[in-house]
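A.B. asks: Below is one structure. I have some questions about it.
The values are calculated or read from the model by the stated rules, or taken from the named source; none is laboratory data. Bear in mind that the values here come from a model prediction, so they are computed numbers and not experimental data. Here the Cβ is made from the backbone with ideal geometry for all residues, glycine too, and neighbour counts use every protein chain on show. We work out accessible area using only protein heavy atoms, side chains counted, and drop any ligands, DNA or RNA first. Shrake-Rupley method; radii C 1.70, N 1.55, O 1.52, S 1.80 Å.
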Amino acid sequence: MIRLLLLALLIMSLPAHARDPHSYANADEVSVRHLMLDLTVDFEARQLRGFADLQLQWHRQEARTLWLDTRDLVIERVWVVRSDGAWQPATFRLGATHALYGQGLSVALPGQPQKVRIEYHSLPQASGLQWLPAELTASGRYPFLFSQSQAIHARSWVPIQDAPAVRFTYDAHIRTPAGILARMSASNDPQDQATGDYRFSMTQPIPAYLLAIAAGELAFKPLGPRSGIYAEPALLDAAADEFVDTERMIDVAESLYGPYRWGRYDLLVLPASFPFGGMENPRLTFLTPTVIAGDRSLVSLIAHELAHSWSGNLVTNSDWNHFWLNEGFTSYVENRLVEALFGSRQADMERVLSERSLALELPELAPTDQALVLDLADRDPDDGMNAVAYDKGHWLLRTMEQRYGRPAFDPFLRGWFDRGAFASASTEDFLQYWRQTLLRERPDRFSEAEMQQWLHQPGVPAHAQSAQSAAFDAVDAARAAWLQDPTTTLPTGDWSTHEWLRFLDGLPDDLSNARMAELDQAFGLSGHGNAEIAFQWYVKAIRSGYVAARPSLADFLQRIGRRKFVLPLYQELAKRGGDDLVFARSTYATARAHYHPITRSSVDPVLN
Ligand code: BES
Ligand code: ZN
């Protein structure tokens, strides 16, 4: 008897329905078609509070249970709609807490109702939300809230079927204190004033990981007829200038891959604790302020997030094992947009940088994690967020483009977005589409065996052609000359950000303090205003023991919470141990408080 109970407990603590490896949802029996959110943003309690109405579609006659995903949610009451339209209480049960998946919420239903209502509130530690006190914003006048739902954090602020294959439309009614503007990944009226009462609607079906909300002191500036930017007032002008090419980018993307199907495309600049570079929330890309470099040199990030309006948001990976379908396709499209807008010189440099990050990361990954198709069961889906999905995925599509030529490959890609729009796709779907189109029409160009190698084997196939950049060759030559002969002057006058990154990346790790100081003084690298350049410089400073960079490094780590920057810096410091580790720990001791939960959970294990 006890054994049976234990077994039952064990089964209940795992996702009860192994349909999506990271979700409890029983979407094959019943799925959410529409969500109506009614929430109050309570900055004092650090909670979202209200209810979610879920409109259901039933797929199996005998089904009587709805399974949803939650994490750290307090479920107060669950109601079910009767056929006469009245609400009646329903019995529900929260399962055991699973470290990765949270808690399954099962609702026992009398029949197959059209709708359930869940009254709930989130907790301050919600992994998908960051609550910033006013002191950590630019003006210091109002607190700030933002969400980051990808990959499986939507469940920490909405009880939902948190699986990328489940799509639904949504409406929301959001209340905030007056003076604070709320925005969502939905219709946002640029005319809205900060009244504290907002209504949103998203009429295109989206997966839960694209649910997003931000609320704070936000001002708006148009960039074009269907694009604009939201930012804290102090950043608004700089941001609008940086992203001036956004509208043109949408036009170029449309000319390559078909109509932009989401209505408006706005950008929202978040406080510097945003853990990522960007997040492709539909109609409203979320951005780190660290891309505002002052010279528009980092706008490939906008190209990337915009590209997701096709790859990812229109055609969505069926589950996180096929993440490369989102990010590899997007990285390829991103590079095409950069080429069309800014020319091949820049696109080539960015491809060389992409291949370089892949080369650096591959040796750190287990062979099975070097394949494009992953097996992330029982693992955090965020483990798949590495150079393989992005850069190896990009490289596969580039290789196909080279083999078939653009006149055939471009329509192929456009067809993939058209036929799969507003649905999800697995690698198997991609293979089928390819077999029915390009492989059938030109069987000799790119073989099934080559394709399988990219998808399932570690590393990069030997047939892959490396990107070339004459500009980078010149940087390499200049660096070599300077390393050989200290009296050489570096031709940095017209170096772009990318050329600087190339230069720094290629410096030896054991450069003398004197030569590091020479560079630092000549080019102001410690405390450099371009976060990418500063980051690359600090990596070299740590490795070479150039401790003069520490005060600016500490400032960087205190100010910025973007995981791509702070995690490697703490890792480099920890690797050196001793004094560097002491410095890392003391910096983190004060910085941690304003890092996002996602950044914290990555850095914590490094310094403990
Ligand atoms: N969708 C990703 C961000 C993401 C992926 C968040 C997985 C959580 C889990 C976004 O489009 C992205 O790729 N951002 C990159 C920038 C890009 C230019 C490579 C980032 O944040 O660094
Ligand atoms: Zn992306």
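A.B. asks: In nanometres, what is the gap between the two model label sites at Leu455 and Arg406, each 7 Å from Cα along Cα-to-Cβ?
C.D. replies: About 2.8 nm separates the two model spin labels.
A.B. asks: Send over the semi-axes of the chain's equivalent ellipsoid, whole angstrom and largest first, taken as the square roots of 5 times the C-alpha gyration tensor eigenvalues.
C.D. replies: 40, 29, 24
A.B. asks: When each pair of different Cα atoms in the stretch 467-508 is counted once in the 1/r mean, what is the Kirkwood radius in angstroms, to one decimal?
C.D. replies: Working: mean 1/r = 0.0956 Å⁻¹.
Evaluated over the stretch 467-508, this radius sits at 10.5 Å.
A.B. asks: Pop out the ³J(HN,Hα) list for the stretch 364-370 in order, Karplus 6.51 cos²θ - 1.76 cosθ + 1.60 with θ = phi - 60°, rounded to Hz; leave Gly and Pro as x.
C.D. replies: These are the phi-based 3J(HN,Hα) values: 7, 9, 4, x, 5, 7, 8 Hz.
A.B. asks: Moving to a separate point now. Can you grab the distance from the C-alpha centre of the stretch 386-429 to the C-alpha centre of the stretch 131-208, Å, no decimals?
C.D. replies: Cα centres, the stretch 386-429 to the stretch 131-208: 31 Å.
A.B. asks: Ok, one more. Can you pull the percent of the stretch 456-557's accessible area that's carbon plus sulfur, 1.4 Å probe, other chains left in place?
C.D. replies: Exposed carbon and sulfur together represent 51 percent of the surface.
A.B. asks: Tell me, Kirkwood radius of the stretch 528-581 from alpha-carbon pair distances, in Å?
C.D. replies: About 11.0 Å, per the Kirkwood formula over Cα pairs.
A.B. asks: Now a separate question. Classify the stretch 182-253 from the C-alpha gyration tensor, please: rounded if a/c falls under 1.5, else prolate or oblate depending on whether a/b exceeds b/c. Working shown, then result.
C.D. replies: On the way: a/c = 1.94, a/b = 1.13, b/c = 1.71.
Verdict is oblate for the stretch 182-253.
A.B. asks: Here is a follow-up. Quick one: pull the percentage of alpha-carbon pairs in the stretch 366-418 with a separation above 12 Å.
C.D. replies: Of all Cα-Cα pairs in the stretch 366-418, 70 percent lie more than 12 Å apart.
A.B. asks: Where the convex hull is taken over the Cα atoms of the stretch 121-163, what is its projected area averaged over directions, in nm²?
C.D. replies: 3.3 nm²
A.B. asks: Then there's this: For Ser344 and Asp237, FRET efficiency with R0 = 25 Å and r from the beta-carbon atoms, rounded to 0.05? Spell out each step's value before the answer.
C.D. replies: Details: r = 31 Å, r/R0 = 1.25.
So the FRET efficiency works out to roughly 0.20.
A.B. asks: For the stretch 230-289, compute Rh as the Kirkwood radius over C-alpha pairs and then the Stokes-Einstein diffusion coefficient at 20 °C and 1.002 mPa s; write the answer in µm²/s, rounded to an integer.
C.D. replies: Answer from the Stokes-Einstein relation: 172 µm²/s.
A.B. asks: Please report Rg over Rh for the stretch 431-516, where both radii come from the alpha carbon positions and Rh follows the Kirkwood definition. If you can, show how the numbers build up before the last one.
C.D. replies: Values: Rg = 21.1 Å, Rh = 16.8 Å.
Ratio value, two decimals: 1.25.
A.B. asks: If you roll a 1.4 Å probe over the stretch 91-207 with all protein chains in place, what percent of the accessible area is carbon or sulfur?
C.D. replies: 52 percent
A.B. asks: Amide H of Val30: which non-local residues (sequence gap of 5 or more, or other chain) have their own amide H closer than 5 Å, using H built in the peptide plane?
C.D. replies: His59
A.B. asks: Separate question: Between the stretch 25-103 and the stretch 237-311, what is the C-alpha centre distance in whole Å?
C.D. replies: Each part reduced to its Cα centre gives a spacing of 33 Å.
A.B. asks: Roughly speaking, what is the stretch gain from Ala421 to Ser83, that is 0.36 nm per residue apart minus the C-alpha to C-alpha distance, in nm to one decimal?
C.D. replies: 118.3 nm
A.B. asks: A follow-up question, please. On alpha carbon coordinates alone, what is the Rg over Rh value for the stretch 173-307, Rh being the Kirkwood radius? Walk me through the numbers before you get to the answer.
C.D. replies: On the way: Rg = 14.1 Å, Rh = 15.0 Å.
Reported Rg/Rh, Kirkwood definition of Rh: 0.94.
A.B. asks: Taking square-rooted eigenvalues a ≥ b ≥ c of the alpha carbon gyration tensor, is the stretch 40-129 rounded, prolate or oblate, where a/c under 1.5 means rounded and, failing that, a/b exceeding b/c means prolate?
C.D. replies: Oblate is the answer for the stretch 40-129, as a/c is 1.5 or above yet b/c matches or exceeds a/b.
A.B. asks: FRET efficiency for Ala178 and Arg445, Cβ-Cβ distance as r, R0 = 60 Å, nearest 0.05?
C.D. replies: My answer for the efficiency is 0.45.
A.B. asks: With the other protein chains left in place, how much accessible area per residue, in square angstrom, belongs to the stretch 35-146 at a 1.4 angstrom probe?
C.D. replies: For the stretch 35-146, the solvent-accessible area averages 44 Å² per residue.
A.B. asks: Under 26 Å from the Cα of Lys540, which lysines turn up, not counting those fewer than eight places away in the same chain?
C.D. replies: Leaving aside lysines fewer than 8 places away in the same chain, those within reach of Lys540 are Lys392, Lys564, Lys575.
A.B. asks: So the label point goes 7 Å from the Cα of Arg296 along Cα→C-beta, right? Which residues of the stretch 495-523 then have their backbone N under 18 Å from it?
C.D. replies: Counting backbone N atoms under 18 Å from the label point, the list is 495-499.
A.B. asks: If packing is taken as the average number of other Cβ atoms within 10 Å across a peptide's residues, how do 444-451, 369-376, 539-546, 157-164 rank, most packed first?
C.D. replies: On the way: 444-451: 14.0, 369-376: 19.0, 539-546: 20.9, 157-164: 28.8.
Descending packing order for the listed peptides: 157-164, 539-546, 369-376, 444-451.
A.B. asks: Per residue of the stretch 497-513, in order, report the coupling 6.51 cos²θ - 1.76 cosθ + 1.60 (Karplus, θ = phi - 60°) as ³J(HN,Hα) in whole Hz, putting x for Gly and Pro.
C.D. replies: Each residue's phi maps through the Karplus curve to give 3, 5, 5, 4, 4, 4, 4, 5, 4, x, 5, x, 6, 10, 4, 5, 4 Hz.
A.B. asks: When Rg is the radius of gyration of the Cα atoms in the stretch 467-590 and Rh is its Kirkwood radius, what does Rg/Rh come to? Working shown, then result.
C.D. replies: Working: Rg = 14.7 Å, Rh = 15.1 Å.
Expressed as Rg/Rh, it is 0.98.
A.B. asks: So which lysines can Lys115 reach, going by Cα to Cα under 21 Å and dropping same-chain residues fewer than 8 places off?
C.D. replies: The reachable lysines, counting only those whose Cα sits under 21 Å from Lys115, number zero.
A.B. asks: Next question, about the same structure. What is the pair-distance distribution P(r) of the stretch 104-209, computed from all Cα-Cα distances in 10 Å bins starting at 0, with each bin given as a whole percent?
C.D. replies: Computed distribution, short to long bins: 12, 37, 36, 12, 2, 0.
A.B. asks: Next question, about the same structure. Rounded, prolate or oblate, given the Cα gyration tensor of the stretch 311-371, with a/c below 1.5 counting as rounded? Numbers along the way, then the final one.
C.D. replies: On the way: a/c = 5.10, a/b = 1.22, b/c = 4.18.
In terms of gyration-tensor shape, oblate.
A.B. asks: Please give the calculated 222 nm ellipticity per residue for the chain, where each DSSP H segment of at least 4 residues contributes -39500 (n - 2.57) and the sum is spread over every residue; nearest 500 deg cm²/dmol?
C.D. replies: Numbers: 18 runs with 221 residues, N = 608.
-11500 deg cm²/dmol, from helical runs alone.
A.B. asks: A further question follows. So for the chain: antiparallel DSSP bridges make up what percent, rounded to the nearest 5?
C.D. replies: Here the antiparallel bridges make up roughly 80 percent for the chain.
A.B. asks: Could you list which residues have their amide H under 5 Å from that of Ser424, counting only those 5 or more apart in sequence or on another chain, with H placed in the peptide plane?
C.D. replies: Counting only residues 5 or more places away or on other chains, the set is Thr316.
A.B. asks: Can you give the convex hull volume per residue for the Cα atoms of the stretch 256-331, as a whole number of Å³? Provide the component values of the computation, followed by the final result.
C.D. replies: Numbers: hull volume 7.5 nm³, N = 76.
Per-residue hull volume (Cα only) is 98 Å³.
A.B. asks: Now for a different question. Which residues in the stretch 205-249 place their backbone N less than 19 Å from a point set 7 Å from the Cα of Glu44 along the Cα-to-Cβ direction?
C.D. replies: 216
A.B. asks: Normalise the Debye intensity by I(0) for the stretch 314-448, one equal point scatterer per Cα, no solvent, then take log10 at q = 0.13 Å⁻¹ and round to two decimals.
C.D. replies: Cα-only, vacuum Debye calculation for the stretch 314-448: -0.58.
A.B. asks: If you don't mind, there's one more thing I want to ask. Highest first, please rank the peptides 26-35, 391-400 by the mean number of other Cβ atoms sitting within 10 Å of their residues.
C.D. replies: 391-400, 26-35
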